[in-house]
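The values are calculated or read from the model by the stated rules, or taken from the named source; none is laboratory data. The shown structure was predicted, so the numbers you read here are calculated from the model rather than taken from an experiment. Positions of Cβ are generated from backbone atoms using ideal geometry, with glycine treated the same way; all protein chains shown enter the neighbour counts.
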Amino acid sequence: MTSAAGAEALLAEVRVGSTTKGFPTIAEPVPLLEAGDQGWTFADLVPPVLVLRRTALEHNVRLMARYCGQHGVSIAPHAKTTMAPQLWWKQLDAGGWGMSAAGAAQARVLRAAGVRRVLLANELTDPGSLRWAAADIVEEATELLCLVDSTRGVALLEEGVHDSREDRPLSVLVELGHQAGRTGCRSLPEAIEVAHAVERSKLLDLAGVAGYEGTIAHDRTPASLGQVEAFLDDLGGLAMRLLGEGAFAREPIVTAGGSLFFDIVVDRLAGGGSGPSTVLLRCGSYLIHDSGPDARSSPFANEPLERRFHPTLEAWGAVLSTPERGLALVGLGRRDVPFDRGYPTPTLVRRAGGEVERIDGRIEITSLDDQHAYCRLGSGVSLGVGDLLMCGISHPCSALDRWRVLPVLDDGDRVVDAIATFF
């Protein structure tokens with residue numbers, strides 16, 4: 001990657017003002033890129049607010065970059081997790097191969113942010129997306145790859161790019177899937193047939209193979225890990241078979257690796273498990289991480305603290321009411337935090353008088369309305385009207401899409417930056 005100039009141009013039009021959720025009430029909006037110069041602190045923010053902690057963010061970027069370097073693999077972090085160009089460029093500047101996208105809409109934002117290399121980790125089948133891809137591959141300075149899992153899909157790609165330059169074919173990876181999974185060929189013979197169809201095309205370039213193991217299991221029990229390993233062995237076997245047939249014009253890409261099993265991907269595919277290839281991870285949640293199932297199931301969950309991913313997001317809400325014994329209503333709801341993989345986890349109270357108390361495990365959010373969290377209080381803990389409750393979130397991929405702009409805080413609670421999202 002060369003520079004983040006494209007991202008700066010994209011962000012130059014974004015303003016932070018009194019209509020920006022969570023930010024202070026100010027007379028005139030300020031440019032996003034100047035938000036960290038305003039002298040704001042946590043005390044100036046207006047709950048509910050979702051904040052990023054700079055120290056944790058930088059730690060996670062360094063940790064993943066070091067891991068990839070030590071194991072000889074590359075990473076194209078999935079852009080969908082944050083849809084935040086400022087965060088993408090932190091990942092790219094740390095050595096990212098490029099960025100992954102789930103569709104043409106996300107890829108267009110990546111291009112607008114100056115990202116040169118994009119892996120569109122999905123099939124392209126609709127006319128609008130195919131027209132975009134045909135126009136995109138004409139650009140010499142960029143690189144685009146997408147997936148395919150059927151001979152019909154190959155035909156659609158050929159129809160979509162037939163008017164593009166003949167000397168710039170669309171790079172394609174054949175996707176292998178699994179039974180009851182998501183996209184991807186359901187057998188090795190089917191995948192080989194699709195690969196041969198790509199190989200015969202003058203408009204497409206067979207660039208490698210792809211898979212996604214994250215739909216096989218959601219835990220790290222021995223049975224789950226065995227299923228993931230078997231799938232990845234099949235993916236490596238597909239790459240080896242096609243290599244042996246001379247199907248690739250250059251060293252192929254073999255890509256898999258969500259945030260839960262990327263270590264298994266490295267174990268089964270790197271170091272010869274897929275032949276001479278570029279092993280490319282696509283995990284994205286590591287950057288934000290969470291305080292819920294991702295934290296408990298992370299490949300690094302049992303490592304010392306300095307070698308674990310750290311939760312980066314804090315959700316803060318004000319205590320609005322304590323109408324019953326053992327119940328507090330907090331101004332934090334479904335419009336503010338994810339809940340599809342568990343409710344937020346209360347961890348800290350900032351009292352109205354300023355003192356701070358850790359309350360891990362002693363307060364539980366049992367339900368969420370659009371704007372309210374129902375908090376059940378355990379013994380020995382209390383919440384008072386006007387207190388502020390801090391919660392960790394679950395499932396980072398469902399968090400940032402609720403916010404147009406998020407403040408970034410340093411360890412001294414100073415607002416040092418603001419991050420814009422483009423969902």
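Below, the figures for the structure above:
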| quantity | calculated |
| --- | --- |
| Subset of the stretch 31-43 (residues that are among the aliphatic types (A, V, I, L, M), closer than 28 Å to LEU389 by Cα and surrounded by 12 or more Cβ atoms within 10 Å (Cβ to Cβ)) | LEU32, ALA35 |
| Residue in the stretch 148-155 that is of a type outside the set (D, E, K, R), touching a Leu at 6+ places or on another chain (Cβ under 6 Å) and at pLDDT 95 or above present | no |
| Selected residue (only one of ASP417, ASP336 is of a type in the set (D, E, K, R) and part of a loop (DSSP other than H, G, I, E, B)) | ASP336 |
| Matching option when the condition is out of contact with any Lys or Arg (no Cβ under 9 Å at 6 or more places or on another chain), under 30 Å from LEU305 (Cα atoms), modelled with pLDDT of 95 or more and outside the structural domain of GLU251 (by TED's automatic domain parsing), among ALA35, ALA43, ALA79, ALA65 | ALA43 |
| Flag if ALA315 is at negative phi and part of a helix (DSSP H, G or I) | no |
| Matching option when the condition is farther than 28 Å from CYS68 by Cα and aromatic (Phe, Trp, Tyr), among TRP132, TRP97 | TRP132 |
| Candidates GLU158, GLU140, GLU229, GLU213 - the one that is acidic (Asp, Glu), farther than 22 Å from GLY257 by Cα and under 28 Å from the mean Cα position of the chain (by Cα) | GLU140 |
| Qualifying residue in the stretch 264-275 (condition: assigned to a strand (DSSP E or B), among the acidic types (Asp, Glu) and at pLDDT 95 or above) | no |
| Which numbered condition LEU260 fails, given (1) in contact with a helix residue (DSSP H, G or I) (Cβ under 6 Å, 6 or more places away or on another chain); (2) at pLDDT 95 or above; (3) not polar (S, T, N, Q); (4) not in a helix (DSSP H, G or I) | (2) |
| Unmet criterion (only one of (1) more than 24 Å from ALA56 (Cα to Cα); (2) modelled with pLDDT under 95) for THR322 | (2) |
| The stretch 341-357: number of residues that are out of contact with any helix residue (DSSP H, G or I) (no Cβ under 7 Å at 6 or more places or on another chain) and surrounded by 12 or more Cβ atoms within 10 Å (Cβ to Cβ) | 11 |
| Selection count where residues are at positive phi and either among the polar types (S, T, N, Q) or out of contact with any Asp or Glu (no Cβ under 6 Å at 6 or more places or on another chain) (or both), scope the stretch 143-189 | 1 |
| Count - residues of the stretch 339-359 that are out of contact with any strand residue (DSSP E or B) (no Cβ under 9 Å at 6 or more places or on another chain) and part of a strand (DSSP E or B) | 2 |
| Residue identified as surrounded by fewer than 16 Cβ atoms within 10 Å (Cβ to Cβ) and small (Gly, Ala, Ser) among ALA107, ALA112 | ALA112 |
| Helices (runs of 4 or more DSSP H) fully within the stretch 1-120 counting 1 or more residues that are within 30 Å of VAL330 (Cβ to Cβ) | 54-71, 85-93 |
| Pairs, first more than 13 Å from GLU324 (Cα to Cα) and modelled with pLDDT of 95 or more in the stretch 367-387, second in a strand (DSSP E or B) and not aliphatic (A, V, I, L, M), C-beta under 7 Å, six or more apart | SER367/TYR374; ALA373/GLY317; ASP387/ARG350 |
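Let's see how each residue does on (1) of a type in the set (Lys, Arg); (2) part of a loop (DSSP other than H, G, I, E, B):
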residue: ARG168; (1), (2): yes, yes
residue: VAL172; (1), (2): no, no
residue: HIS178; (1), (2): no, yes
residue: GLY181; (1), (2): no, yes
residue: HIS196; (1), (2): no, no
residue: GLY208; (1), (2): no, no
residue: GLY214; (1), (2): no, yes
residue: LEU225; (1), (2): no, no
residue: VAL228; (1), (2): no, no
